[in-house]
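Asks: Before we start, here is the structure in question, set down as structure tokens.
The values are calculated or read from the model by the stated rules, or taken from the named source; none is laboratory data. Predicted, not measured: the structure shown is a model, and the values here were computed from it. For neighbour counting, all protein chains shown are included, and Cβ atoms are generated from backbone atoms with ideal geometry for every residue, glycine included.
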């Protein structure tokens, strides 16, 4: 090998390989992305979404808002929280045809033009990504925290969880019986990213069926079901200033 060839080879080996685009995965490029929010019971106001940076102008990002008027008649007997969960857990059927679905709770105000890009980066080649919990890393710790706060009479927790305490305690024992591990990570379902795959459609369907049937705590149920089907949840960690929380207008 000549000196010039060796020099060229050395330069090539030192060059970084091009980084894969967050706008595609091993199955191809994302062409259609849905951003979904539902507000029932007038708990929140519709939030402004900054224009999002895209890799290509051909990428379609659609925003879908749902409210009480769009709740199917057969579900109006459910409480407002469950009605909102219908949109949160059945979007594959409500607005079909997207490559990726991004759920944003009504309390979230997006502040960054790279919000969607960060969501896709967290998803990577995975199928499901959910916001990493800001305080705890264990489902059991989360359940114990909620139970203790509710039993201590905290107004917010009493309103949200008092009528479901037996369900929460049952969930905890059920998960232990199924071998769900401690310190296995905890995610906040206020922001989620789902790829459109058959497994995800089935997982979301089971999630909705469970929460509809016995009004379970959706954050706990998705961890339990994902574990059962061996679906890894990728954690989403945003850059500082990407979003902030807005206090609910009222508590359900």
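Asks: Kindly indicate whether residue 130 is farther than 17 Å from residue 220 by Cα and in a strand (DSSP E or B). Working first, answer last.
Replies: Numbers: farther than 17 Å from residue 220 by Cα: no; in a strand (DSSP E or B): yes.
The answer is no for residue 130.
Asks: Can I ask one more? Do we have residue 129 as farther than 21 Å from residue 215 by Cα, within 15 Å of the chain's Cα centre (by Cα) and surrounded by 17 or more Cβ atoms within 10 Å (Cβ to Cβ) here? Walk me through it before giving the result.
Replies: Numbers: farther than 21 Å from residue 215 by Cα: yes; within 15 Å of the chain's Cα centre (by Cα): yes; surrounded by 17 or more Cβ atoms within 10 Å (Cβ to Cβ): yes.
It is true that residue 129 is farther than 21 Å from residue 215 by Cα, within 15 Å of the chain's Cα centre (by Cα) and surrounded by 17 or more Cβ atoms within 10 Å (Cβ to Cβ).
Asks: Which residue is surrounded by the fewest Cβ atoms within 10 Å (Cβ to Cβ), if the candidates are limited to the stretch 200-218 and must be in contact with a helix residue (DSSP H, G or I) (Cβ under 7 Å, 6 or more places away or on another chain) and modelled with pLDDT under 95?
Replies: In the first step, residues of the stretch 200-218 are kept if they are in contact with a helix residue (DSSP H, G or I) (Cβ under 7 Å, 6 or more places away or on another chain); the result is 201, 203-204, 206-208, 210-212, 214-218.
Checking the rest, the ones that are also modelled with pLDDT under 95 come to 210-212, 214-218.
On the way: 210: 18, 211: 21, 212: 17, 214: 12, 215: 16, 216: 21, 217: 20, 218: 19.
Residue satisfying both the conditions and the ranking: 214.
Asks: Of everything in the stretch 28-45 that's without any contact (Cβ under 8 Å) to a residue 60 or more places away in the chain and out of contact with any helix residue (DSSP H, G or I) (no Cβ under 6 Å at 6 or more places or on another chain), which residue is farthest from residue 66 (Cα to Cα)? Break it down into steps so the answer makes sense when it comes.
Replies: To start, the set of residues in the stretch 28-45 that are without any contact (Cβ under 8 Å) to a residue 60 or more places away in the chain comprises 28-29, 40.
After this cut, where a residue has to be out of contact with any helix residue (DSSP H, G or I) (no Cβ under 6 Å at 6 or more places or on another chain) as well, the list is 28-29.
Details: 28: 30, 29: 28 Å.
Applying the filter and picking the extreme gives 28.
Asks: Another one. Mind listing whichever residues of the stretch 151-160 are assigned to a helix (DSSP H, G or I) and either touching a residue at least 40 places away in the same chain (Cβ under 8 Å) or over 24 Å from the mean Cα position of the chain (by Cα) (or both)?
Replies: Taking the stretch 151-160 first, the residues assigned to a helix (DSSP H, G or I) are 151, 155-160.
Within the stretch 151-160, 151, 155, 156, 158, 159, 160 meet the criteria.
Asks: Further question on the same structure: Take the conditions part of a helix (DSSP H, G or I), loosely packed, with under 13 Cβ neighbours inside 10 Å and either in contact with a strand residue (DSSP E or B) (Cβ under 8 Å, 6 or more places away or on another chain) or at pLDDT 95 or above (or both) and apply them to residue 148. Does it pass?
Replies: Yes, satisfied.
Asks: How about the stretch 22-41: which of its residues are on the phi > 0 side of the Ramachandran plot and surrounded by 12 or more Cβ atoms within 10 Å (Cβ to Cβ)? Please lay out each step first, then the result.
Replies: Going residue by residue through the stretch 22-41, those that are on the phi > 0 side of the Ramachandran plot are 28, 41.
The one that is on the phi > 0 side of the Ramachandran plot and surrounded by 12 or more Cβ atoms within 10 Å (Cβ to Cβ): 41.
Asks: Has the stretch 104-116 got any residue that is assigned to a helix (DSSP H, G or I), at pLDDT 95 or above and either touching a strand residue (DSSP E or B) at 6+ places or on another chain (Cβ under 8 Å) or more than 13 Å from residue 35 (Cβ to Cβ) (or both)? Quick ask: steps written out before the conclusion?
Replies: Narrowing the stretch 104-116 to residues assigned to a helix (DSSP H, G or I): 115-116.
If we keep only those that are at pLDDT 95 or above too, we end up with 115-116.
Those left that are additionally either touching a strand residue (DSSP E or B) at 6+ places or on another chain (Cβ under 8 Å) or more than 13 Å from residue 35 (Cβ to Cβ) (or both): 115-116.
Yes, because at least one residue in the stretch 104-116 is assigned to a helix (DSSP H, G or I), at pLDDT 95 or above and either touching a strand residue (DSSP E or B) at 6+ places or on another chain (Cβ under 8 Å) or more than 13 Å from residue 35 (Cβ to Cβ) (or both).
Asks: So, one more: Please indicate, with yes or no, whether at least one residue in the stretch 164-185 is under 21 Å from residue 243 (Cβ atoms) and outside any helix (DSSP H, G or I). I'd like the intermediate steps shown before the answer.
Replies: Initially, the stretch 164-185 is screened for residues under 21 Å from residue 243 (Cβ atoms), giving 185.
Now drop any that are not outside any helix (DSSP H, G or I), which leaves 185.
Yes, the stretch 164-185 contains at least one residue that is under 21 Å from residue 243 (Cβ atoms) and outside any helix (DSSP H, G or I).
Asks: Oh, and also: What residue, among those in the stretch 61-98 that are in contact with a strand residue (DSSP E or B) (Cβ under 9 Å, 6 or more places away or on another chain), surrounded by fewer than 19 Cβ atoms within 10 Å (Cβ to Cβ) and not in a strand (DSSP E or B), is modelled with the lowest pLDDT?
Replies: 68
Asks: Return yes or no: is residue 188 surrounded by 16 or more Cβ atoms within 10 Å (Cβ to Cβ) and either modelled with pLDDT under 95 or farther than 22 Å from residue 100 by Cβ (or both)? Spell out how you get there, then give the answer.
Replies: Values: surrounded by 16 or more Cβ atoms within 10 Å (Cβ to Cβ): yes; either modelled with pLDDT under 95 or farther than 22 Å from residue 100 by Cβ (or both): no.
So residue 188 does not fit the description; no.
Asks: Looking at this structure, is residue 101 under 19 Å from the mean Cα position of the chain (by Cα) and under 23 Å from residue 215 (Cα atoms)? If you could, list the steps in order and put the result at the bottom.
Replies: Values: under 19 Å from the mean Cα position of the chain (by Cα): yes; under 23 Å from residue 215 (Cα atoms): no.
Considered against the rule, which asks whether it is under 19 Å from the mean Cα position of the chain (by Cα) and under 23 Å from residue 215 (Cα atoms), residue 101 comes out as no.
Asks: Separate question: Does the stretch 227-238 contain at least one residue that is over 25 Å from residue 68 (Cα atoms), within 16 Å of the chain's Cα centre (by Cα) and loosely packed, with under 15 Cβ neighbours inside 10 Å? Please lay out each step first, then the result.
Replies: At the first step, the residues of the stretch 227-238 found to be over 25 Å from residue 68 (Cα atoms) are 227-238.
If we keep only those that are within 16 Å of the chain's Cα centre (by Cα) too, we end up with 227, 231-238.
Remaining after also requiring loosely packed, with under 15 Cβ neighbours inside 10 Å: 232, 237.
Yes, because at least one residue in the stretch 227-238 is over 25 Å from residue 68 (Cα atoms), within 16 Å of the chain's Cα centre (by Cα) and loosely packed, with under 15 Cβ neighbours inside 10 Å.
Asks: For the stretch 73-88, give me each residue that is in contact (Cβ under 8 Å) with a residue 12 or more places away in the chain and over 19 Å from residue 106 (Cβ atoms).
Replies: Selection gives nothing.
Asks: Taking the stated definitions as given, is residue 224 over 25 Å from residue 96 (Cβ atoms) and part of a loop (DSSP other than H, G, I, E, B)? Reasoning before the result, please.
Replies: Numbers: over 25 Å from residue 96 (Cβ atoms): yes; part of a loop (DSSP other than H, G, I, E, B): no.
Against the criterion (over 25 Å from residue 96 (Cβ atoms) and part of a loop (DSSP other than H, G, I, E, B)), residue 224 does not qualify.
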